[in-house]
Structure formats: C-alpha cells, structure tokens
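Let me begin by presenting the structure, written as structure tokens, before commenting on it.
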Amino acid sequence: MNVLLLGSGGREHALAWKLAQSPLLGTLYAAPGNPGIAEHAQLAEIAIDDHRAVIDFCRRNSIGFVVIGPEAPLVSGLGDNLRMMGIGVFGPDKGAARLEGSKGFTKDLCLREGIPTAGYVHVRSCAGGVAALVDFSLPVVIKADGLAAGKGVTIAFSHAEAVAALEAIFADAGGSAVIEEFLEGEEASLFVLTDGTTIVPFGSAQDHKRVGEGDSGPNTGGMGAYSPAPVLTPALERIAIDTIVRPTVEAMARMGSPYSGVLYAGLMLTRVGPKLIEYNARFGDPECQVLMLRYQGDLLELMLATAKGELAGRPDPVFSDETALTVVMAAKGYPGTPETGGAIRGIDAAQATGALVFQAGTRLDGETLVASGGRVLNVTATGRSVSAAQAAAYRAVDALDFPSGFCRRDIGWREVAREG
Ligand code: AMP
Ligand code: GLY
C-alpha cells in the first residue's frame, strides 16, 4: 500500500523511519518532509493546507492511506475530506480534533462528564474574564481558546499579569479564553490509540517544555523527552484511562464525533490523582521520537487497524523495556528568532555511537545540511535506565558538529535524580 505522511518535523522523521519498516508498505511519500524524512520517503511538493491538492496527489499516486502528523490539518478537517474521497486516514476528523483545537470545548466536556481537570471558567469577553478572576487564587492559568502552538498559556503570579494576559487574548476580535486553577504536581504524557470505541494504551513520556536547564525560561515546543515516564505507574495509568480517557472517548462517540487516531493526554499527577491538563489530537513532538524507538510492532498495520475500527480483540502493542531519551538540538535564539542557515555536520559520527538522529528544522544548502527552523535535530538513544539513555544521547550530541545549535544538558533530570 502506498502511504502519504504529512508533516516536516522530527515527529514525522520518526514516523517515516518506523513506517518504512512495515512489510505492508509500498511507496512512502511525505509532504513537505525534510532531508531526514527523504531517507525513508519520496518527498512531494504539495501544500498540506490545500486539501484539494492533497486529494489530487493521493489519486495520482494511488495513495491508500494518509498519516497526518501535525494538528493544524486535523483541526481544519483534512481527515474528513480524505475520508469522504474514500482514502484511509490516521488521525481524527475535524469534530473530534476539537479536543485539541478548542480548550473551551474540552473543558466543557470534562465538566459534563465529571473528568478530573483544573477548575475553570470559559470566558468570552475581557471584562467577563477580569470579573471571573476573583474566584481564583494566584497563580492562575490563562489560556487562549484556539490552537496556539504551546504559546497560548500564561501562568500569572499577580492580578496585573492575569489581566494583561486576558487583554492580549481579547485584543483580537472573536477571542475566547479559559481561566484555570493552577495544578500542582509532576506532569506526564499518556498516549492511547482509539478507533472510537476500543482504547489501546500506547506508552507514556515526560517532556521538557522550558528552554532552560532545571525547567527555567520560556516555553518551547519541547526540548527533550523520555519514555516511559516511571512517575506514571501502571496503577496511575489505569486510573487516568478509566477516569479521563475512556469517559472522553465515550462522550465523543455519543455526540456523533467518534475519535479515531492517537489521543495524547497531558496529565498533572496531583496529590489526589491524575488530572487532565490538555489533550492533543496527534503524537507529541518530541515524544513521538522516543515512543517509536521503543515500539516493537508494525506501525502501519496498527495505524490501519485504528483507522478501520479494528482495535477490538487485539493484543496490546509491545514496547521495549528500555528507556528511550531524546535531546532536542535547537538553533541559537529559539524559542525567539532562531539563527538559521548554520551548518550541521557529524550526524554519521553521532549515529555511529548507536543513537538515531531525527531531523526537524533542516534543509540542504547545496550538499550541506543546514538549520532551517527553531528545533533542528532530535538526538535519540536507548538505555537500561533513564541515566543510561541520557548518557548515550549526550555521547551522540557531543559527536555532532553544529556550532549554531544548542541543547539542554539535563533532559531526564527528575528521573535521573530519583535513580540516584
Ligand atoms: P498547555 O498548552 O495547555 O499544554 O499548557 C502548557 C503548559 O502550561 C503545560 O504543559 C503545563 O506545564 C502548564 N499548565 C497548563 N495548565 C496548567 C494548570 N492548570 N496548572 C498548572 N500548569 C498548567
Ligand atoms: N511536546 C509537546 C507537544 O507536542 O505538544
């Protein structure tokens, strides 16, 4: 079967690497892709926000299945349009992708279904938001309602900061915001595959969203991750599935928007149990990279079963017992304006240590691989503990020659400290 993979980040490089191992695969195409993805797929020059162009490409190249990596095409309904044309899709339709696309939708669903999450109000005007602040203690969390690529969240430590965040959100006409109670605890990410009815656990991870060591500085898309996340014990995972994920999947089915694809639950492990911070309608980036290193099965076969509604009765996916850990090499300046164009050398030397280097923001400048975005490489390694995986990943980082790049040197620090 010919498959089209959409996206251009490290997540998609990891998916391409794994899909390419499937005996069911005919030709793998990717759009827009990157030079790393091009090692496993034929790149197609189509604009992935042009749904008609994607469908035309699928027809011309006998594509039977499309794997959608990022959230934007899911939220804009590419899945619906492909399915309408009889093309299989990994990823939810527009109605189900509201779980990521609209925080207000998700919070309202949690309230109706009694799903544990931070207390909140969903406000539709700045004045309404400011008036609602009296019901919250500090710090208070202010979120823009729509897709914001991780940048729509403010944790306000003063009333003035909270008001400023609300004003920024409502500066655009038609804004809407969620004001939330601040949750205390450790964060963990839980992944499940679902076909709308059956739920299959697909691993856990912990990522590092802040740019600086010790989790300091501004938020980013993620500076590193490891899987599994031992803080999400099997008992807590079961509680999270029973109290958060299953009621969500059932509610989506009841409202006529069954969810098909991977559902990524961002959890806060509080003293009273796991609470939902947010859902994503896709794999995390860079969490996907560590999940793919550990997943032992045929990814294409599992994605096809998900899309066809055939997850019932299958054995649970098998993951390696080892820890996988990925370090993001970013271009200097990220998450502000990254310095692009810097040469990247030493990928072969890094991979000779046993690690895998997934590419994100890269492009070829003649023969030279150069940085073309904020997050550039994901140096990914496995080990028998988080400490061992971390040591292996940094050995590979040190073999790279990427002078205009930087990384955090402490990915996995919480677990490394616990491992002592
Ligand atoms: P989100 O975009 O919703 O994932 O939020 C980004 C980050 O903000 C999360 O990963 C958390 O670290 C933090 N955050 C979001 N909501 C809350 C909350 N209610 N309490 C504490 N931290 C939060
Ligand atoms: N790494 C966080 C995300 O993909 O949303």
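The values are calculated or read from the model by the stated rules, or taken from the named source; none is laboratory data. If you're wondering where the values come from, they're calculated on a predicted model, not measured in any experiment. Here the Cβ positions follow ideal geometry from the backbone for every residue, glycine too, while neighbour counts run over all protein chains shown. Surface accessibility is based on the protein's heavy atoms, side chains included, excluding ligands, DNA and RNA. Shrake-Rupley method; radii C 1.70, N 1.55, O 1.52, S 1.80 Å.
The helices (runs of 4 or more DSSP H) falling completely within the range 141-258 that include 2 or more residues that are out of contact with any Ser or Thr (no Cβ under 6 Å at 6 or more places or on another chain) and more than 20 Å from Tyr279 (Cβ to Cβ) map to 159-170, 234-240. When each of Val153, Val140 is tested for being within 16 Å of ligand 2 (Cβ to nearest atom), of a type in the set (A, V, I, L, M) and under 30 Å from Asp242 (Cβ atoms), the lone residue that passes is Val153. Could you identify the single residue in Gly273, Gly256, Gly297 that is free of Cβ contacts under 8 Å to residues at least 40 places away in the same chain and either open to solvent by 10 Å² or more (accessible area, probe 1.4 Å) or of a type in the set (A, V, I, L, M) (or both)? Result: Gly297 is the single residue among Gly273, Gly256, Gly297 that is free of Cβ contacts under 8 Å to residues at least 40 places away in the same chain and either open to solvent by 10 Å² or more (accessible area, probe 1.4 Å) or of a type in the set (A, V, I, L, M) (or both).
Candidates are the residues of the range 78-93 that are assigned to a helix (DSSP H, G or I) and touching a helix residue (DSSP H, G or I) at 6+ places or on another chain (Cβ under 6 Å); the one that is least open to solvent (accessible area, probe 1.4 Å) is Leu78.
Count of the range 269-317 residues, restricted to those that are part of a loop (DSSP other than H, G, I, E, B), over 20 Å from Leu19 (Cβ atoms) and within 13 Å of ligand 2 (Cβ to nearest atom), is 0. Among the residues of the range 189-207, those that are closer than 18 Å to Leu99 by Cα and within 15 Å of ligand 1 (Cβ to nearest atom) comprise Ser189, Leu190, Phe191.
Per the conditions (1) more than 16 Å from ligand 2 (Cβ to nearest atom); (2) touching an Asp or Glu at 6+ places or on another chain (Cβ under 6 Å); (3) open to solvent by less than 40 Å² (accessible area, probe 1.4 Å); (4) more than 23 Å from Glu419 (Cα to Cα), the sole criterion not satisfied by Val231 is (4). Only one of the listed residues (Tyr264, Tyr259) is within 16 Å of ligand 2 (Cβ to nearest atom), under 18 Å from Lys94 (Cβ atoms) and touching a helix residue (DSSP H, G or I) at 6+ places or on another chain (Cβ under 8 Å). That residue is Tyr264. In the condition set (1) part of a helix (DSSP H, G or I); (2) surrounded by 18 or more Cβ atoms within 10 Å (Cβ to Cβ), Leu111 is compliant with all but (2). Out of Val123, Val140, Val134, one residue alone is more than 26 Å from the chain's Cα centre (by Cα) and within 20 Å of Gly152 (Cβ to Cβ). It is Val123. In the range 358-399, how many residues are crowded, with 23+ Cβ neighbours inside 10 Å and assigned to a loop (DSSP other than H, G, I, E, B)? Counting residues in the range 358-399 that are crowded, with 23+ Cβ neighbours inside 10 Å and assigned to a loop (DSSP other than H, G, I, E, B) gives 1.
Ala96 passes every criterion in (1) open to solvent by 20 Å² or more (accessible area, probe 1.4 Å); (2) in contact (Cβ under 8 Å) with a residue 60 or more places away in the chain apart from (1).
Okay, residues lined up against (1) within 16 Å of ligand 2 (Cβ to nearest atom); (2) touching a His at 6+ places or on another chain (Cβ under 8 Å); (3) closer than 15 Å to Ala360 by Cα; (4) hydrophobic (A, V, I, L, M, F, W, C):
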| position | (1), (2), (3), (4) |
| --- | --- |
| Glu12 | yes, no, yes, no |
| Leu43 | no, no, yes, yes |
| Gly64 | no, no, no, no |
| Val75 | yes, no, no, yes |
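Scanning the range 175-213 for residues that are farther than 25 Å from Ser260 by Cα, away from ligand 2 (no atom under 16 Å from the Cβ) and out of contact with any Lys or Arg (no Cβ under 9 Å at 6 or more places or on another chain) yields Glu181, Phe182. With respect to Gly266, is the statement that it is assigned to a strand (DSSP E or B), within 14 Å of ligand 1 (Cβ to nearest atom) and either modelled with pLDDT under 95 or not acidic (Asp, Glu) (or both) true? Answer is yes for this residue.
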